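Here is the structure we will look at, set down as structure tokens.
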Amino acid sequence: MNHIELFAGCGGLSLGLDKAGFELLLANELSPMAAETFAYNFFNEDLEEKATQNKKSKHTLWIETQHPELKERLKENPFKTTTEYSDLKGLPSWSSLDGKLLVGSIVKLNSLLDKTPELVNQLRSGFGKGLDLVSGGPPCQSFSMAGKREKDNDKNTLPWEFANFVNHVRPKIALLENVTGILRAFKNKKGDKFHAWYEVAKVFSSIGYVPLCLHVNAKFVGVPQNRPRFIMIAVRLDCLSTYLKHCSAENAEIWAQPRSFYDLVQIHQASLDFGHLDYIDVMKDKDVKKFSNTFLAPFTAYIGREIAVKDAIGDLKIFNRDNESDYIKYLNETFSNLKKHPKYLNHDLRNNSPLVQRRFRLYQVLQQLSDRTLTRNVFEILRGNSKLLDEESWKRLSELKYLHENGELYQFASKGELEKYLKAHPTKKQTQKALIASKPAPAALSIPDDACHYDESELRVLSVREMARIQSFPDNFIFRSKVTTGGQMRKFQVPQYTQVGNAVPPLLGLALGKVISELL
């Protein structure tokens with residue numbers, strides 16, 4: 001089996017698919033920073049070292065760039081490239097792209113396919129090996145419930161660019177991963193609803209693919225993170241017809257509605273109204289059997305036995321380290337084919353000021369008490385919207401210890417003291433929270449400030465390695481380029497923390513690979 005990977009990022013999905021038995025034919029990624037990590041882990045190619053030595057990359061090629069030198073390319077804003085330089089000019093043949101990573105926009109890649117039938121033929125044939133799968137997770141900030149929810153944002157067109165590529169190369173199956181927010185309708189100025197996932201499903205049907213839409217959660221495949229995701233598995237009609245002749249009645253039933261939806265799209269095309277296709281939801285009890293008793297079973301393997309955060313990062317603590325958990329052993333054994341590296345790379349700890357540490361301890365207290373009303377009351381004071389705590393909140397908060405300026409943990413003697421303490425630690429942030437040791441981590445982990453450690457002796461943000469563990473990356477997967485960034489640079493730079501947060505968890509990629517391989 002083989003695949004082409006679009007929106008490859010640092011390589012989380014590719015790593016999982018590789019373990020499931022898929023060979024990578026070609027990858028495409030917009031960000032040079034994420035591409036640097038991909039090249040390091042999949043091709044054993046150190047782009048930074050090559051740039052220093054003024055050498056060219058053998059496996060990583062730029063579709064277009066403003067710079068002839070690799071050193072400048074690695075720092076380039078990928079949204080401001082030009083056709084002045086391109087590694088695709090003067091190739092001996094398009095077959096030489098086999099096993100390569102193309103850095104640049106999917107829009108530019110599709111434009112190239114529009115005018116290069118020889119390249120299309122090479123990709124359709126899988127460089128002579130056949131093409132089983134095109135996979136990828138288009139950037140999804142505008143679909144995310146944590147984002148701006150902008151219907152007309154340019155990034156919302158990327159699933160359609162994905163479909164355009166699929167239509168060019170005609171794989172047996174297309175796999176699209178996205179945030180769960182794509183399932184929630186946008187509203188235009190008139191109040192009309194726009195169901196993005198449904199529209200994407202219609203587009204794939206219009207090009208000859210039957211779309212199966214799923215709502216899964218990474219914690220149910222062994223990832224220590226509560227990370228719900230939208231998955232669309234679109235099977236080319238002729239391949240699905242072959243599959244349905246041989247599959248069980250339970251598996252055939254799953255495809256009944258998508259197949260009917262496909263026929264409706266052939267008749268009505270884009271005008272087909274909403275409501276003719278449902279998605280199967282692993283979060284709903286009525287749908288769980290459709291997962292657990294069928295080819296979708298890998299998505300439910302860990303229901304009822306989710307992996308806790310402490311199992312992912314307990315052995316990386318500064319103080320009182322836990323023993324290496326079974327989860328870590330399994331992770332590193334599963335992906336043992338990666339190049340070996342010294343232990344604890346990417347585990348550089350960030351400096352947090354005493355004030356920030358005291359605020360982190362407060363987050364730990366709020367997480368421990370786990371009361372939304374109480375948390376809301378405290379944050380009203382932290383944000384300067386209120387000055388006083390109600391008596392019930394004080395009663396509960398008074399039972400726990402806080403970090404004081406002398407560096408010691410102890411309780412407050414009065415409500416007034418605690419109120420003064422809260423006013424002295426203001427914040428405008430709304431997403432920060434402490435992890436809970438005994439539960440999977442929350443999904444929003446893409447910048448260092450998203451979460452602080454669960455241990456009262458570790459009042460700090462997580463390291464890149466700790467976040468990678470939570471995303472199910474093995475310790476031998478090394479993240480490259482800048483560790484973090486800020487300000488205007490965030491618009492185009494993808495540093496290590498963001499690479500981790502944006503990635504498809506490798507264990508979810510492995511589960512997806514198992515599902516796809518059974519269909520194939």
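Filtering Thr52, Thr37 for residues that are assigned by TED's automatic domain parsing to the domain that holds Leu109 and either surrounded by 15 or more Cβ atoms within 10 Å (Cβ to Cβ) or at pLDDT 95 or above (or both) leaves a single hit, Thr37. Among the residues making up region 325-344, those that are in a loop (DSSP other than H, G, I, E, B) and exposed (fewer than 15 other Cβ atoms within 10 Å of the Cβ) are Ser336, Asn337, Lys339, Lys340, His341, Pro342, Lys343, Tyr344.
Restricting attention to region 395-426, the residues being touching a residue at least 12 places away in the same chain (Cβ under 8 Å) and under 22 Å from Tyr454 (Cα atoms) number 19.
In region 34-57, what residues are part of a loop (DSSP other than H, G, I, E, B) and touching a Phe, Trp or Tyr at 6+ places or on another chain (Cβ under 8 Å)?
Asp46
Scanning region 58-69 for residues that are within 22 Å of Leu24 (Cβ to Cβ) and either of a type in the set (Val, Ile, Thr) or free of Cβ contacts under 8 Å to residues at least 24 places away in the same chain (or both) gives Lys58, Thr60, Ile63.
Residues checked against (1) modelled with pLDDT of 95 or more; (2) surrounded by 21 or more Cβ atoms within 10 Å (Cβ to Cβ):
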residue	(1), (2)
Leu176	yes, yes
Leu183	no, no
Phe204	yes, yes
Ile207	yes, no
Asn217	yes, yes
Ile233	yes, yes
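Among residues of region 435-487 being touching a helix residue (DSSP H, G or I) at 6+ places or on another chain (Cβ under 8 Å) and acidic (Asp, Glu), the one that is farthest from Val223 (Cα to Cα) is Glu456.
Residues in region 460-502 that are aliphatic (A, V, I, L, M) and touching a Cys at 6+ places or on another chain (Cβ under 7 Å): Val461 only. Consider region 183-219 and keep the residues that are assigned to a loop (DSSP other than H, G, I, E, B) and over 30 Å from Thr242 (Cα atoms). The one that is farthest from the chain's Cα centre (by Cα) is Lys190.
Table: residues versus (1) surrounded by 11 or more Cβ atoms within 10 Å (Cβ to Cβ); (2) hydrophobic (A, V, I, L, M, F, W, C); (3) out of contact with any Cys (no Cβ under 9 Å at 6 or more places or on another chain); (4) outside any loop (DSSP other than H, G, I, E, B).
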| residue | (1), (2), (3), (4) |
| --- | --- |
| Asn377 | yes, no, yes, yes |
| Leu389 | yes, yes, yes, no |
| Ser393 | yes, no, yes, yes |
| Arg396 | yes, no, yes, yes |
| Glu405 | no, no, yes, no |
| Phe412 | yes, yes, yes, no |
| Leu418 | yes, yes, yes, yes |
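Against the test of being in contact with an Asp or Glu (Cβ under 6 Å, 6 or more places away or on another chain) and not small (Gly, Ala, Ser), the options Val515, Val494, Val504 yield a single qualifying residue, Val504.
Region 235-322 holds helices (runs of 4 or more DSSP H) entirely within its bounds, and those carrying 1 or more residues that are among the aromatic types (Phe, Trp, Tyr) and not assigned by TED's automatic domain parsing to the domain that holds Lys439 map to 237-246, 256-268, 285-292.
Select from region 66-112 the residues that are small (Gly, Ala, Ser) and closer than 23 Å to Leu158 by Cα and write down the one among them that is surrounded by the fewest Cβ atoms within 10 Å (Cβ to Cβ). Only one residue fits best here, namely Ser111. Say whether the condition of being touching a strand residue (DSSP E or B) at 6+ places or on another chain (Cβ under 6 Å), without any contact (Cβ under 8 Å) to a residue 60 or more places away in the chain and not in a loop (DSSP other than H, G, I, E, B) is met by at least one residue in region 83-98. Within region 83-98, one or more residues are touching a strand residue (DSSP E or B) at 6+ places or on another chain (Cβ under 6 Å), without any contact (Cβ under 8 Å) to a residue 60 or more places away in the chain and not in a loop (DSSP other than H, G, I, E, B).
For region 12-30, the set of residues classified as within 25 Å of Val120 (Cβ to Cβ) and either in a loop (DSSP other than H, G, I, E, B) or hydrophobic (A, V, I, L, M, F, W, C) (or both) consists of Leu13, Leu17, Phe22, Leu24, Leu25, Leu26, Ala27, Leu30, listed by residue number. Among the residues of region 467-479, are any closer than 24 Å to Asn337 by Cα and free of Cβ contacts under 8 Å to residues at least 60 places away in the same chain? Yes, some residue in region 467-479 is closer than 24 Å to Asn337 by Cα and free of Cβ contacts under 8 Å to residues at least 60 places away in the same chain.
For region 27-55, the candidate set comprises residues that are without any contact (Cβ under 8 Å) to a residue 40 or more places away in the chain and touching a Ser or Thr at 6+ places or on another chain (Cβ under 7 Å); within that set, the residue that is farthest from Asn337 (Cα to Cα) is Lys50.
For every residue, the table says whether it meets (1) surrounded by 24 or more Cβ atoms within 10 Å (Cβ to Cβ); (2) over 14 Å from the mean Cα position of the chain (by Cα); (3) at pLDDT 95 or above; (4) charged (D, E, K, R).
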| residue | (1), (2), (3), (4) |
| --- | --- |
| Ser446 | no, no, no, no |
| Ser472 | yes, no, yes, no |
| Val483 | no, yes, no, no |
| Gln488 | no, yes, no, no |
| Asn502 | no, no, no, no |
| Pro506 | yes, no, yes, no |
| Ser517 | no, yes, yes, no |
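The values are calculated or read from the model by the stated rules, or taken from the named source; none is laboratory data. None of these values were measured; they are calculated from a predicted model. No Cβ is skipped: glycine too gets one built from the backbone with ideal geometry, and neighbour counts run over all protein chains shown.
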